[in-house]
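The values are calculated or read from the model by the stated rules, or taken from the named source; none is laboratory data. Bear in mind the structure is a predicted one, so any value in this text is a computation, not a measurement. Using ideal geometry, Cβ is built from the backbone for each residue, glycine included, and neighbour counts are taken over all protein chains shown.
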Amino acid sequence: MELKFNKYQTPVTDSLLDSLNEEVKDQLIDFLSNVEYIKRLVSPERKRAKDLERDSLGRIIVDIANPHILENMDYFRPSALHFMKYGVYTFLRPNANPNSEYGKWIREERRRCWEGYVRPTDGEWVPGALYFYLNYCRIVLTKIRKGTKKADRVVDFPEMWEGIYLRFHYLEQARNGGKYNNFEGGNNGAELSSRSKSKSYSLASIMGRNFVLGENSLACKQITSIVTAYQKEYLTKDGILNKFVSIINFCSENTQFPRRRLKDSIQEMTWTMGYRDAELNIDRGSLNTVIGVSSKDDESKIRGKRASFIGIEEFGSFPRLLDLYNVLIPSVQEGDIVYGLMYLEGTAGDNDSDFAGAQEIMYSPRGYNMYALPNVFDKNSQGKNEFVFFFPGYLNRKGCYNEDGVSDVTKALIEILQNRFRVKYNSTDPNTVLKTMAEIPVTPTEAIMKTGVNMFPVTDLNERISQIDTDSRFYDDTYTGDLILDKDGNVAFSPTSKFPIREFPHKDNKIEGCIEIFQMPEKNKDGEVFPNRYILGCDPYDDDASNTMSLGSIFCLDLWTDRLVAEYTGRPMFADGFFEICRKMCIFYNGRLNYENNKKGLFAYFAQNNCLYLLTETLEFLRDKQVIKETLYGNKSRGTNATEAVNNYGRERLRSWLIRPVQITVTNDGKEDQITVPNLYLIKNRALLKELVLWNSAGNFDRVSAMGMLMLLREDKIISVQGQGNLKPKDTETTGYLGNDPFFTCNYDRKLEAARYKGIPNKVS
């Protein structure tokens, strides 16, 4: 194969490919071929600063989604290099005369920390915050011993990394304007990064610059910077505030920048720059302030605090992130005028993160006034055109970049994939593999995988989502609408203009949605829906209004094919509206419904409508397992009491159903072949797949709960036929009724389905 790269990349030769395991080789080629960001970074046509357009100030216009090659970047850290060589920033004697050589020098340094620093020869430049980071922030970093694979942890000035260069330019463009916001600015920013990318130090340096010098020449006094985290330890236990204190203490000891503080307390997480005029009994100085807030369970702690900068540390750890975001928006903008910057950052592979709300912000950035970039980071964009800033594992991997911070992406990818391979085949815990992928991700999809607590096959689920999102005609054969009573009093399907909920998480709980039908009920030769063929599972609610994001959800399964054929998830204005949808779906499919009977409303509604026969009695196998022990009468005689033990068992059955191997027919070069894939590759319910990917025991996952009820009923049916996998009677004739013909029902064309799997590897052996 022919792969061309720029000179900064390890050549991917035939001999190199031959040296790799087949699995690693396939993955490497896949990423090199299908991730646009990687293709741009390794391209031999990648531009340099001199090739780029410049703005009115002579600065190049930085394209964060298509980075240029960095060259001679020591130019932008002159003060750091001087300090490293001599132990001081300047040999000029400090004095109060602003026209002295020292006065000119320190004034220029302050200007660079505010406005940035430009190299006139080619227009390359760094924003002010990055100049401060490179020259006035000492950090703990890993330094490789020259010519070895050994390293030391040392305190030193930061290295120039292209990933950090892009991070600061992203924030600069969000605040002041850039290529992807029509150079207007007034946006907030968010970042998802791999581990060990100096994220906390970058955030701490921004607060340090604002505290010591201010944001710019106009906003340099009485400005407030806030950092918040869900857990206090993110801030103070080797956290961002400890790093902030280290930075400002270094500046105080080694520069003539303002240093006196009115408030300096790590315990109270509050710092104020300035001093007390004892004679006049007033506070003087800049009075710039930094505040740390732990907002666990109470976003109101930071309500009403106006700020020039707000940093949200590990934003994936906030279970109510969207609520927090709405609380903080008035802190950085007034009407449509944005006077501050909110910066959300999260680390991939964090066990404490579920990324449900975070994912909504990252993949729909414009809806939250985030600076949106083209989604060049995922494979085939994962169906989403935009994303926030992503700092992947292959960018500035230790030992895989040059002195200017330009990444050897191919070398980094090979190391990452080989490490995954070693973990995969030398670990007995499947979560170890997932965690390895999530902590050092190649794509955002890998980064947001829930590790440690997610029992579902996240990698395959994400792959299925990608298949759906990249097929523009995927839902062409899906019915969406309502179930109504026709002129004969029968339940019939009626198309409407309503749209089903296919996204998760959703922004509010007032979404009605509509029914989604993937296969119409099949009927016998008498025109009646086959009895005992379809079963349903439901997660109901009782209250017409709620302060939670909970929705009602119901699924229908065809026992003969083991396929999901219909779904409704939503929240009509009144709870009775949801109950009626459930009742009609049961009648339409001639099926019985297992539901969470912890809520009483659905039972009462079915009783009022003389339809209790549509609700399952308490499942016999649960009684046999002694999972349900109480006396069963009234409401408790129907459905299933969703105890923790019952829910756990339902999710276990759901996982087994997802990974159950099934055979499908694929066509390659005109030849039909049988391949085996997990059952989840036949699911068309996109939002269900998203819930499964993001599932955790603490969150609200209505579809997963409904599927748990469905799987319990499925298990009961399987046990009743003594474990037979196929519940279809052998002597059943399905072709005797003309109404089953696809011409009338537009049933799903299985040949078309199989064609969608062309080229998919055999997922299950």
**Asked** Do you know which residues across the stretch 334-346 are more than 10 Å from the chain's Cα centre (by Cα) and either under 21 Å from Glu439 (Cβ atoms) or at pLDDT below 85 (or both)?
**Response** Gly335, Asp336, Leu344, Glu345
**Message:** It is to be established whether one or more residues within the stretch 409-422 are at pLDDT below 90 and farther than 18 Å from Phe31 by Cα.
**Reply:** no
**Asked** Can you spot a residue in the stretch 263-272 that is assigned to a strand (DSSP E or B) and among the aliphatic types (A, V, I, L, M)?
**Response** no
**Item:** Residues located in the stretch 25-54, provided they are among the hydrophobic types (A, V, I, L, M, F, W, C) and more than 25 Å from the chain's Cα centre (by Cα)
**Value:** Val42, Ala49, Leu52
**Item:** Residue check for Lys4: surrounded by fewer than 19 Cβ atoms within 10 Å (Cβ to Cβ), basic (Lys, Arg) and not in a loop (DSSP other than H, G, I, E, B)
**Value:** no
**Asked** So which residues in the stretch 227-257 are within 21 Å of Phe309 (Cα to Cα) and assigned to a loop (DSSP other than H, G, I, E, B), if there are any at all?
**Response** Tyr230, Gln231, Lys232, Gly239, Phe257
**Selection count, the stretch 691-718, where residues are modelled with pLDDT under 85 and either aliphatic (A, V, I, L, M) or in a helix (DSSP H, G or I) (or both)** = 2
**Single residue of Tyr89, Tyr37, Tyr75 found to be farther than 30 Å from Thr470 by Cα, at pLDDT 95 or above, of a type outside the set (Lys, Arg) and assigned to a helix (DSSP H, G or I)** = Tyr75
**Prompt:** So which pairs qualify, if the first residue must be in the stretch 434-447 and over 12 Å from Leu413 (Cα atoms), the second must be at pLDDT 85 or above and in a loop (DSSP other than H, G, I, E, B), the Cβ gap must be under 6 Å, and the two must be at least 6 apart or on different chains?
**Reply:** Glu439/Arg195; Pro444/Phe377; Pro444/Asp378; Thr445/Asp378; Ala447/Pro441
**Asked** Looking at Ser33, is it among the polar types (S, T, N, Q) and in contact with a helix residue (DSSP H, G or I) (Cβ under 9 Å, 6 or more places away or on another chain)?
**Response** yes
**Prompt:** Do any residues in the stretch 132-155 that are free of Cβ contacts under 8 Å to residues at least 12 places away in the same chain have Cβ atoms under 6 Å from those of residues that are surrounded by 10 or more Cβ atoms within 10 Å (Cβ to Cβ), where the two are at least six apart or on different chains, and which pairs are they?
**Reply:** Asp152/Lys143
**Request:** Among the residues of the stretch 665-683, write down those that are of a type in the set (D, E, K, R) and either out of contact with any strand residue (DSSP E or B) (no Cβ under 9 Å at 6 or more places or on another chain) or crowded, with 19+ Cβ neighbours inside 10 Å (or both).
**Result:** Asp669, Lys671
**Asked** Could you give every pair whose Cβ atoms fall below 8 Å, whose first residue belongs to the stretch 318-339 and is touching a residue at least 12 places away in the same chain (Cβ under 8 Å) and of a type in the set (Val, Ile, Thr), and whose second residue is surrounded by 13 or more Cβ atoms within 10 Å (Cβ to Cβ) and part of a helix (DSSP H, G or I), counting only separations of at least 6 or pairs across chains?
**Response** Val327/Glu299; Val327/Ile302; Val338/Val332
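Here is a yes/no grid of residues against (1) under 16 Å from Ala204 (Cα atoms); (2) in contact with a Ser or Thr (Cβ under 6 Å, 6 or more places away or on another chain); (3) in the same structural domain as Ser193 (by TED's automatic domain parsing); (4) not aliphatic (A, V, I, L, M):
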| site | (1), (2), (3), (4) |
| --- | --- |
| Tyr117 | no, no, no, yes |
| Thr121 | no, no, no, yes |
| Ala129 | yes, no, no, no |
| Leu141 | yes, no, no, no |
| Arg145 | no, no, no, yes |
| Ala151 | no, yes, no, no |
| Val154 | no, no, no, no |
| Tyr170 | no, no, no, yes |
**Search result, residues across the stretch 642-681 that are modelled with pLDDT of 85 or more and small (Gly, Ala, Ser)** = Gly650, Ser656
**Request:** Starting from the stretch 523-546, keep only residues that are among the small types (Gly, Ala, Ser), then list their pairs with residues that are part of a strand (DSSP E or B) and at pLDDT 90 or above whose Cβ atoms are within a distance under 8 Å, requiring at least 6 positions of separation or different chains.
**Result:** Gly537/Ile554; Gly537/Phe555; Gly537/Leu557; Gly537/Leu593; Gly537/Asn594; Gly537/Tyr595
**Prompt:** Is it the case that some residue within the stretch 50-67 is surrounded by fewer than 19 Cβ atoms within 10 Å (Cβ to Cβ), without any contact (Cβ under 8 Å) to a residue 60 or more places away in the chain, among the small types (Gly, Ala, Ser) and closer than 27 Å to Pro127 by Cα?
**Reply:** yes
**Item:** Single match in Gly349, Gly292 (criterion: crowded, with 17+ Cβ neighbours inside 10 Å and modelled with pLDDT of 80 or more)
**Value:** Gly292
**Message:** What's the number of the only condition in (1) assigned by TED's automatic domain parsing to the domain that holds Gln519; (2) crowded, with 19+ Cβ neighbours inside 10 Å; (3) assigned to a helix (DSSP H, G or I) that Leu688 fails to meet?
**Reply:** (1)
